[in-house]
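The values are calculated or read from the model by the stated rules, or taken from the named source; none is laboratory data. Values in this document were obtained by computation on a predicted structure and should not be read as measured data. Every residue, glycine as well, gets a Cβ built from its backbone with ideal geometry; the counts of neighbours run over all protein chains shown. In case anyone asks, the SASA skips ligands and DNA or RNA and just uses the protein heavy atoms, side chains included. Shrake-Rupley method; radii C 1.70, N 1.55, O 1.52, S 1.80 Å.
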Amino acid sequence: MRIVLVDTYYRRFLADHYANHPSLESESFETQRKSLIEARFGTSDFFSKHLNELGCEAFDLIANCLPLQSAWLKENGFRSSSLNFAVPHRFYRVPVMGRVLATLPGLLDVVVAQIRSLKPDVLYCHDLSFFPKFVLKELKRHVRLIVGQIASPLPPPSFIEGYDLILTSFPHFVSKIEAAGVASEYFKLGFDPSVAGLFEGVSRDIDVSFVGGIGRSHKNGIPLLEHLCCHTPIRIFGYGVDSLPENSPIRKRYEKEVWGLDMYRVLARSRITVNRHIGVAGNYANNMRLYEATGMGALLLTERKDNLRDIFEPDQEVETYSDPEEAVEKINALMRDGDRLAEIAAAGTARSFRDHTYQARMRELVEILTRHFPA
């Protein structure tokens with residue numbers, strides 16, 4: 001089974017990465033792609049690496065990276081449009097405009113050309129906003145199974161039409177996606193233990209951390225973080241701080257944005273890491289931080305959720321809270337009892353390494369793809 005995995009990276013991460021590697025933009029497509037993957041942003045190559053171990057042929061495409069895709073164009077003799085390269089890929093969703101943009105060689109055209117050249121059996125899209133329906137319809141002539149994955153707010157039905165299957169880490173999204181006429185299955189996120197090995201021996205000098213979004217799109221979690229900033233030694237790492245009021249307590253505890261390996265380093269340095277979910281998650285535990293924090297050896301303090309026990313054992317492998325006051329109580333109690341803190345953190349790591357690795361997830365994924373693969 002040949003699988004092409006298409007992802008988009010945050011523009012802030014891409015800008016920072018190329019700023020920190022000034023000569024990278026002039027390198028070959030493969031050199032740039034390797035550098036980006038080794039930065040360990042998002043799911044990096046955790047899917048493709050383990051799919052290849054299982055006998056598949058898997059290849060990663062970073063669809064919205066302009067220098068990377070420009071290098072591919074030059075190496076393969078395609079012309080490009082600077083205008084279309086400057087347009088965010090979500091504009092392809094705008095009626096009429098999207099079809100006009102799609103006629104100009106640019107980001108979308110490059111990815112379609114890459115997919116055709118790789119001749120995959122399965123197209124796996126991590127970003128449901130990238131391909132318009134009419135492009136997926138065209139790709140269906142060359143790809144036997146088109147799969148999407150989502151762990152964010154569900155887009156309008158027009159965004160998911162054209163997919164044969166959509167996997168989601170939100171259990172409650174499965175029925176909603178099926179109601180829109182697309183097959184769907186529950187598929188959890190995970191962790192790659194190889195990342196933890198990069199930080200062996202790092203000192204845990206951060207008592208309490210939070211890593212994640214702190215802007216308008218994560219407004220439901222702001223009261224919790226502000227309360228923790230007033231009553232615990234929490235240190236805040238993330239993006240969106242500029243959207244907070246000047247008097248927000250978060251600003252006093254804020255340190256910097258961290259992505260990829262820098263994010264993992266913060267978790268490796270943390271004794272306790274606080275997790276909170278976006279509102280659309282409902283009462284279900286789902287996000288990547290569940291696995292990243294425990295995988296990196298920090299004690300995870302997360303909200304009580306209906307399905308959490310299916311992932312981690314509360315009070316044994318992770319700690320939980322139901323409101324900001326309880327979160328403060330739990331943090332302060334754990335910091336007074338270092339043995340219990342270390343015991344729970346170690347148990348959480350062991351559970352992630354046993355049940356929640358991407359190696360295990362890819363075995364599950366191959367089974368899912370096989371079930372849905374057309375005869």
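Computed quantities for the displayed model
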read-out: The one condition in (1) open to solvent by 30 Å² or more (accessible area, probe 1.4 Å); (2) part of a strand (DSSP E or B) that residue 238 fails to fulfil; value: (1)
read-out: Residue 41 part of a helix (DSSP H, G or I) and touching a residue at least 12 places away in the same chain (Cβ under 8 Å); value: no
read-out: Failed item in (1) touching a residue at least 24 places away in the same chain (Cβ under 8 Å); (2) of a type in the set (Ser, Thr, Tyr); (3) out of contact with any strand residue (DSSP E or B) (no Cβ under 9 Å at 6 or more places or on another chain), with residue 194 passing the rest; value: (1)
read-out: Condition met for residue 279 (over 22 Å from residue 194 (Cβ atoms) and in contact with a Gly (Cβ under 6 Å, 6 or more places away or on another chain)); value: no
read-out: Test: residue in region 289-304 that is over 20 Å from the mean Cα position of the chain (by Cα) and open to solvent by 10 Å² or more (accessible area, probe 1.4 Å); value: yes
read-out: Leading residue by the ranking (farthest from the chain's Cα centre (by Cα)) among those in region 359-375 that are open to solvent by 50 Å² or more (accessible area, probe 1.4 Å) and more than 19 Å from residue 164 (Cβ to Cβ); value: 363
read-out: Candidate set: region 180-213, residues that are of a type in the set (Ser, Thr, Tyr) and out of contact with any Ser or Thr (no Cβ under 9 Å at 6 or more places or on another chain); chosen: the one least open to solvent (accessible area, probe 1.4 Å); value: 194
read-out: Answer from 26, 48 - the residue that is among the small types (Gly, Ala, Ser), open to solvent by less than 20 Å² (accessible area, probe 1.4 Å) and at pLDDT 95 or above; value: 48
read-out: Selected residue [over 25 Å from residue 202 (Cα atoms) and free of Cβ contacts under 8 Å to residues at least 24 places away in the same chain] from 340, 371; value: 371
read-out: Matching entry among 184, 217, 209 (being among the hydroxyl-bearing types (Ser, Thr, Tyr) and closer than 28 Å to residue 366 by Cβ); value: 184
read-out: Test: residue in region 162-179 that is assigned to a strand (DSSP E or B) and surrounded by fewer than 17 Cβ atoms within 10 Å (Cβ to Cβ); value: no
read-out: The one condition in (1) open to solvent by 60 Å² or more (accessible area, probe 1.4 Å); (2) under 21 Å from the mean Cα position of the chain (by Cα) that residue 223 fails to fulfil; value: (2)
read-out: Positions within region 190-203 being in contact with a helix residue (DSSP H, G or I) (Cβ under 6 Å, 6 or more places away or on another chain) and either acidic (Asp, Glu) or part of a loop (DSSP other than H, G, I, E, B) (or both), in sequence order; value: 190, 192, 199, 202
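Conditions tested, residue by residue: (1) open to solvent by 10 Å² or more (accessible area, probe 1.4 Å); (2) within 21 Å of residue 222 (Cα to Cα); (3) charged (D, E, K, R).
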{"site": "269", "(1), (2), (3)": "yes, no, yes"}
{"site": "308", "(1), (2), (3)": "no, no, no"}
{"site": "317", "(1), (2), (3)": "yes, no, yes"}
{"site": "323", "(1), (2), (3)": "yes, yes, yes"}
{"site": "329", "(1), (2), (3)": "yes, yes, yes"}
{"site": "332", "(1), (2), (3)": "yes, yes, no"}
